[in-house]
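See structure below.
Only the coordinates and a few stated rules stand behind these numbers; no lab work does. Fair warning: this is a prediction, and the values are worked out from it, not measured in the lab. Cβ: placed from backbone, ideal geometry, glycine included. Neighbour counts: every protein chain shown.
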């Protein structure tokens, strides 16, 4: 590649009807200066491109990491949802079993109370029957005693004694 220094040091052979050497030198100086600016600009742009490529690589890695993190977050979220759903299903089933147990116990207790009520009702009825029977027998006894008193009052007396 041609350098600005090569352009500045370029020598041309002399000929009789050649160009004016001072004009050629002046033009070569101008071309060399412009070439140097273009070369410097090219170096700066090349360096900037390398920097941008490096940054792009970093950003691509960051982008890839973010995509992976997003995928991981989505998987974690999905797993968490599934776990929560499983836990909710399990809790619901446990609650249903507990409710069924409570209902069964309530039915048993209700049945026990019903049987106890029946037994108490039967005992009450039996007591009432016994009390009625006792009262009837007592009433009959009272009747008998009253009848005897009446009979004794209606019997003739002999020497102050009833017969």
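Summary of the geometry: segment 1-30 and segment 86-126, compared by the centres of their Cα atoms, lie 116 Å apart.
Mind checking the full-extension length gain between residue 70 and residue 120? Use 0.36 nm per residue of separation minus the Cα-Cα distance, one decimal, nm. Walk me through the intermediate numbers first.
Numbers: separation 50, 0.36 × 50 = 18.00 nm, distance 7.24 nm.
Working it through step by step, the gained length comes to 10.8 nm.
From the helices alone, meaning DSSP H stretches of at least four residues, give me the mean residue ellipticity at 222 nm for the chain, per-run term -39500 (n - 2.57), in deg cm²/dmol to the nearest 500.
Values: 2 runs with 140 residues, N = 163.
Counting only the DSSP helices, I get -32500 deg cm²/dmol.
At q = 0.18 Å⁻¹, what base-10 log of I(q)/I(0) does the Debye formula yield for the chain when every alpha carbon is treated as an equal point scatterer in vacuo? For the chain at q = 0.18 Å⁻¹, log10 I(q)/I(0) is -1.16.
Counting pairs of alpha carbon atoms under 8 Å apart in space and at least six apart in sequence, what relative contact order in percent does the chain give?
Working: 22 pairs, mean separation 20.9, N = 163.
Reported relative contact order: 13 percent.
Expected output is a single nm value to one decimal: the length gained when fully extending between residue 34 and residue 47, i.e. 0.36 nm times separation in residues minus the C-alpha distance. What is it?
Values: separation 13, 0.36 × 13 = 4.68 nm, distance 1.96 nm.
Length difference between fully extended and current span is 2.7 nm.
The simple Förster model, with R0 at 45 Å and r as the Cβ-Cβ distance, assigns residue 129 and residue 92 a FRET efficiency of 0.25.
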